[in-house]
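Just below is one structure, and these are the notes that go with it.
The values are calculated or read from the model by the stated rules, or taken from the named source; none is laboratory data. None of these values were measured; they are calculated from a predicted model. Here the Cβ positions follow ideal geometry from the backbone for every residue, glycine too, while neighbour counts run over all protein chains shown.
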Amino acid sequence: MPWQPAPQVALPPDPASEPMPKALRVVLVLLFVNLALSILTAVLSYVLRDQLLDYQLAHMNLTEYQRETTRDIVRQTMIIRVVSIAVVAVLYLWLANRLIRGKRWAYLRSLWLGGAGLVGLGILAVTTRYPLWMHVEQGVQAVILVCLLIALTRPEVRDRFRKVRY
């Protein structure tokens, strides 16, 4: 039997070379609205840190010693929050770039980010004493994350990031 060449195989198009679908633009907008809301809250939390600390401490049953120790711990977590939001901002930019390029792992991370964000907001809402404006912000952020998850699971977005099998 003579040798025969393998048939030609057409590779699927590279998602980065295709025009970005409107549904993916919605995903990117939701990602950045969520980030902007996080940045705004972090900045306001830092600017209003003393009032927030007083509010949180007033809603805890603590001795004077515990109050001062807790004040120091909560103040440090506020600073950590501002720094972590700055790091997250850089990661969001990187993630958005990879989504535009059609990277499947970026799509999966975005799904994870939406789910983990909702769980985190739920835990914060139940376990932490915040003023009403912060609970409202967390509610808005939860709605944005739900919208993000819905946008990520739309067929045109899922198809762009489908698993490629050769």
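A few points about this structure:
- Scanning the range 61-85 for residues being more than 30 Å from residue 35 (Cα to Cα) and either in contact (Cβ under 8 Å) with a residue 12 or more places away in the chain or of a type in the set (S, T, N, Q) (or both) gives a total of 4.
- Scanning the range 74-91 for residues that are out of contact with any helix residue (DSSP H, G or I) (no Cβ under 8 Å at 6 or more places or on another chain) and at pLDDT 80 or above yields 76, 80, 83, 84, 86, 87, 90, 91.
- Against the numbered list (1) assigned to a helix (DSSP H, G or I); (2) over 30 Å from residue 58 (Cβ atoms), residue 165 comes up short only at (1).
- Residues of the range 58-67 that turn out to be surrounded by fewer than 12 Cβ atoms within 10 Å (Cβ to Cβ) and more than 14 Å from residue 129 (Cβ to Cβ), as a count: 3
- Single unsatisfied condition, residue 110 versus (1) in a helix (DSSP H, G or I); (2) within 30 Å of residue 55 (Cβ to Cβ); (3) hydroxyl-bearing (Ser, Thr, Tyr): (2)
- Qualifying positions in the range 114-129 - free of Cβ contacts under 8 Å to residues at least 24 places away in the same chain and closer than 27 Å to residue 161 by Cα: 116, 119, 120
- Evaluating residue 130 against the criteria (1) part of a helix (DSSP H, G or I); (2) closer than 26 Å to residue 42 by Cα leaves one unmet condition, (1).
- Selected residue (only one of 165, 104 is basic (Lys, Arg) and under 19 Å from residue 23 (Cα atoms)): 104
- Within the range 99-140, if we keep just the residues that are of a type in the set (D, E, K, R) and under 15 Å from the mean Cα position of the chain (by Cα), the residue that is surrounded by the fewest Cβ atoms within 10 Å (Cβ to Cβ) turns out to be 109.
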